[in-house]
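Undergrad: Pasting a structure below so you can have a look.
The values are calculated or read from the model by the stated rules, or taken from the named source; none is laboratory data. Bear in mind the structure is a predicted one, so any value in this text is a computation, not a measurement. Neighbour counts are summed over all protein chains in view; Cβ atoms, including those assigned to glycine, are modelled from backbone coordinates with ideal geometry.
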Amino acid sequence: MPNEPVGVLIIGAGASGAAFAWSIADIGTSVLCLEQGPWMKQKDYPTNGLAFEARGMGEFSPNPNVRQLPADYPVNETETPISPLMFNAVGGSTILWAAHFPRFTPGDFRVKTQDGVADDWPIDYETLEPFFAINDRMMGVSGLAGDPAYPYHEPPLPPLPLGRLGNTLARGFEKLGWHWWPSDSAILSREYEGRAGCINLGPCTTGCAQGAKASTDITYWIAAQRKGVQVRTGCRVREITVRADGTADGVLYYDEEGQLQEQKAEVVVVACNGIGTPRLLLNSRSPQHPNGLANSSGLVGKNLMHHPYAMITGIFEEPLQGRRGPIGCSIWSHQFYGSDPSRGFVRGYSFEAVRGLGPAQTALLGMMQGRIPWGAGHHDAYARLYDRTATLLAITEDLPEETNTVTLDPELKDSHGIPAPKVTYRLSENSRKMLAHGVERAKEALTAAGAVDTIVDPLMRGAGWHLMGTARMGTDPKTSVVNERGQAHDARNLFIIDGSIFVTAGGVNPTSTIQALALYVADSIKKNVESVFEQP
Amino acid sequence: MSDSRTPVSDEAFLDAVLDVVIPPGGDGRMPGAGTLGIESIVAAAVAVDAMLGPLVRAGLSAVQEAAVARDPNGFTALTPAARLEVVEAAAESHPFLMLGLVRYLYPAYYAHPRVLAAIGEPPRAPFPEGYEIEPTDPLLLEGLQRRRRA
Ligand SMILES: Cc1cc2nc3c(=O)[nH]c(=O)nc-3n(C[C@H](O)[C@H](O)[C@H](O)COP(=O)(O)OP(=O)(O)OC[C@H]3O[C@@H](n4cnc5c(N)ncnc54)[C@H](O)[C@@H]3O)c2cc1C
């Protein structure tokens, strides 16, 4: 039996798809989301058991090529120094994310004006401000109002405790007179809207068994379903189909049984992340869109941006109780955010403090760094490292370059025979300089905090958490894929709402901004219903 | 004699090798990896690792062969010093042996309740009890209050 046509069809139930679904449900038409992954269960998350670290490196690895679960598609990562990371389920990558929740700063939307590089966004911080605030309430954000690095905003919940590790690091920044602030975190510092507060399990990045971390399956999706939005899981969209006039008319997808299904819709919304979205658009070729859907500019899949990360780990003489508490959420620093010509590179970076590693991760890091041998010296070396590390991540602003791409791999395919994405990415000289600067400054901060030694990973491979730029927004159809409202220039009833539409990457984690943008796009559709739904 | 079986499925052999990789601590606090009954976890993981598995198996076979060359009763019959020599030689000639082994041994070892207790951690899963952490230092908060944007 054919599927009933729907008003709005969203592809992907992650951070952006969920926020959009909740908002667009107000429109009063039917809303359906197709998601290739399943619903997750908190009782299945690794921290329910002793083997939580082993499972975090296997079936809960952030790398789909390692996990190889039925919901995953492979990614060719042979031509990039940074592995793209993601999770495929209702909640998307927020199932595994660290929930460090900075917003982009106002300056991040005006890079060209400020520094003469890349481009300005067609929208600004002020436009997104109300949506940042709604999003903070929906996700449940803990933080301390008044960070001088940002326009004033009030997180709905008090900040998470810094713990001994966070206090230690913050004192280092204080000593140097450098900016630091408790992170805005999408983790509950106390009970909120029926969800329990954080109990410091530690590795948020394998899923939160407590439900204190805001993955969108337990935040937006609950509320969206109450408004009548439907989620169909185990459904992998193969391509978006089009009408004779080139506008979208639905999708072809494989259902849970592997059967090819057709779903018609008046409006199609793509929320598959910075890798999955260009993959789907490029795979949606038709006579009307011979180079892939919405690709008349040729920019679908181009300008891929990550945040190249350096990891600088301080070794301390005293225990830091660092394994306890949300791993990625304690403090941030914007001391080196924005451009300073004397540094020899444009734009800048933030620091995100990371709490200590678990017992097994400590042993593995020690082994990789040649600090913990096997055999006789193992236990003594281990004791010098365990619970004595604190890490600063330098999150550098990646500038858009057309040569950094997501393309369709000519050979690699997923379990349904759909071409897999191939990532081709080269680290720019500017990023290289920024990373080197970040390493030296992080060493200073850690030393000021009391570290007696440091371990440096100058460019983390396993850090492709942030996927941006591959269907950028702009006002000119020749140089962008979607307009300032997320609407494809080439198909007025096609919208893109994930990090693909970012013009630049900022130097902070992107998800707060991704979701604010998704809410903004939904809101502008609600305000322009006639023009969007108008039949050809 | 146990050494006629494939090295990964020979529990006594694997236990003895694991005990060389993580030997008991000198003060008796830290157990040796071969005494915890975790060899089956390591063996199962190695068996399904398409990349590292064959390299580990080749390395362990080298250990086994070298041991039998020294003593027909195999690795478990060797003295501790001889076991170490044999494993060191195999690690030298099979560079991925140790990488592959510890990739699975460390997570299994450091998840064992006895080991957790020995490193000062409660020997339980993080959930549901969770952990307490120190509150934010009030002096630090005072400093932030002075600098905060109104
Ligand atoms: C380990 C980890 C830690 C992170 N930590 C942070 C952090 O601390 N702070 C931060 O801001 N960000 C963090 N991120 C990044 C953050 O998770 C992403 O920015 C965010 O989830 C992106 O949202 P999205 O909606 O674009 O995509 P996703 O959340 O990735 O969702 C995309 C969804 O689309 C589905 N999909 C894709 N293709 C198809 C298809 N063809 N058919 C059907 N469904 C499809 C996928 O299954 C997936 O569920 C982290 C990410 C990871 C992996």
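Undergrad: Does the stretch A:368-387 hold any residues that are of a type outside the set (F, W, Y), buried (at least 20 other Cβ atoms within 10 Å of the Cβ) and within 22 Å of A:T206 (Cα to Cα), and which are they?
TA: Selection gives A:D387 alone.
Undergrad: Take B:P138 and tell me if it is more than 7 Å from chain A (Cβ to nearest Cβ), surrounded by fewer than 13 Cβ atoms within 10 Å (Cβ to Cβ), in contact with an Asp or Glu (Cβ under 8 Å, 6 or more places away or on another chain) and at pLDDT 95 or above.
TA: No: the conditions fail for B:P138.
Undergrad: I've got another one for you. Might you check whether a residue that is in contact (Cβ under 8 Å) with a residue 24 or more places away in the chain, surrounded by 24 or more Cβ atoms within 10 Å (Cβ to Cβ) and closer than 15 Å to A:G17 by Cβ occurs anywhere in the stretch A:479-490?
TA: For the stretch A:479-490, residues in contact (Cβ under 8 Å) with a residue 24 or more places away in the chain, surrounded by 24 or more Cβ atoms within 10 Å (Cβ to Cβ) and closer than 15 Å to A:G17 by Cβ: present.
Undergrad: In the stretch A:151-164, how many are facing chain B (nearest Cβ under 9 Å) and in contact with an Asp or Glu (Cβ under 9 Å, 6 or more places away or on another chain)?
TA: Residues in the stretch A:151-164 being facing chain B (nearest Cβ under 9 Å) and in contact with an Asp or Glu (Cβ under 9 Å, 6 or more places away or on another chain): 6 in total.
Undergrad: Another question, then. In the stretch A:45-71, what count of residues is obtained for those that are surrounded by fewer than 21 Cβ atoms within 10 Å (Cβ to Cβ) and under 20 Å from A:T233 (Cβ atoms)?
TA: 6
Undergrad: To continue, here is another question. If I filter the stretch A:244-262 down to residues being touching a residue at least 40 places away in the same chain (Cβ under 8 Å) and within 11 Å of the ligand (Cβ to nearest atom), which single residue comes out as farthest from the other protein chains (Cβ to nearest Cβ)?
TA: Filtering first and then ranking leaves A:V251.
Undergrad: Can you tell me which residues in the stretch A:373-407 are modelled with pLDDT of 95 or more and within 9 Å of chain B (Cβ to nearest Cβ)?
TA: Once the filter is applied, which keeps residues that are modelled with pLDDT of 95 or more and within 9 Å of chain B (Cβ to nearest Cβ), the stretch A:373-407 yields A:W374, A:G375, A:H378, A:H379, A:D380, A:Y382, A:A383, A:Y386, A:D387.
Undergrad: Would it be correct to say that A:A186 is among the aliphatic types (A, V, I, L, M) and more than 28 Å from A:L446 (Cα to Cα)?
TA: Numbers: among the aliphatic types (A, V, I, L, M): yes; more than 28 Å from A:L446 (Cα to Cα): no.
In short, no.
Undergrad: For the condition within 10 Å of another protein chain (Cβ to nearest Cβ), part of a helix (DSSP H, G or I) and either among the charged types (D, E, K, R) or within 26 Å of the chain's Cα centre (by Cα) (or both), what is the one hit in B:R103, B:R114, B:R124?
TA: Going through B:R103, B:R114, B:R124 in turn, the sole match is B:R103.
Undergrad: If a residue counts only when it is away from the ligand (no atom under 16 Å from the Cβ) and of a type in the set (A, V, I, L, M, F, W, C), which helices (runs of 4 or more DSSP H) contained entirely in the stretch A:421-536 have at least 2 such residues?
TA: A:429-449, A:529-533
Undergrad: OK, next. Scan the stretch A:288-326 for residues that are in a loop (DSSP other than H, G, I, E, B), touching a strand residue (DSSP E or B) at 6+ places or on another chain (Cβ under 7 Å) and closer than 30 Å to A:T424 by Cα and jot them down.
TA: Taking the stretch A:288-326 as the starting set, the residues that turn out to be in a loop (DSSP other than H, G, I, E, B) are A:288-304, A:306-308, A:316-326.
Imposing the further condition that a residue be touching a strand residue (DSSP E or B) at 6+ places or on another chain (Cβ under 7 Å) reduces the set to A:288-289, A:293-294, A:301-302, A:304, A:306-308, A:316, A:320, A:322, A:326.
Scanning the stretch A:288-326 gives A:Q288, A:H289, A:L293, A:A294, A:G301, A:K302, A:L304, A:H306, A:H307, A:P308.
Undergrad: If you don't mind, there's one more thing I want to ask. Would you confirm whether or not the stretch A:119-129 contains a residue that is away from every other protein chain (no Cβ under 12 Å), within 16 Å of the ligand (Cβ to nearest atom) and either touching a residue at least 60 places away in the same chain (Cβ under 8 Å) or among the hydrophobic types (A, V, I, L, M, F, W, C) (or both)?
TA: yes
Undergrad: Mind checking which pairs have a first residue in the stretch A:36-60 that is closer than 13 Å to A:C204 by Cβ and a second that is among the basic types (K, R) and buried (at least 18 other Cβ atoms within 10 Å of the Cβ), Cβ under 7 Å, 6 or more apart or different chains?
TA: Final answer for the pair search is A:P46/A:R55.
Undergrad: Quick check on my filter: what residues within the stretch A:29-44 are surrounded by fewer than 20 Cβ atoms within 10 Å (Cβ to Cβ) and either away from the ligand (no atom under 15 Å from the Cβ) or charged (D, E, K, R) (or both)?
TA: Result: A:T29, A:S30, A:K41, A:Q42, A:K43, A:D44.
Undergrad: Within the group B:L55, B:L84, which residue is surrounded by fewer than 20 Cβ atoms within 10 Å (Cβ to Cβ), part of a helix (DSSP H, G or I), in contact (Cβ under 8 Å) with a residue 24 or more places away in the chain and within 14 Å of another protein chain (Cβ to nearest Cβ)? Break it down into steps so the answer makes sense when it comes.
TA: Working: B:L55 fails: within 14 Å of another protein chain (Cβ to nearest Cβ).
Among B:L55, B:L84, only B:L84 is surrounded by fewer than 20 Cβ atoms within 10 Å (Cβ to Cβ), part of a helix (DSSP H, G or I), in contact (Cβ under 8 Å) with a residue 24 or more places away in the chain and within 14 Å of another protein chain (Cβ to nearest Cβ).
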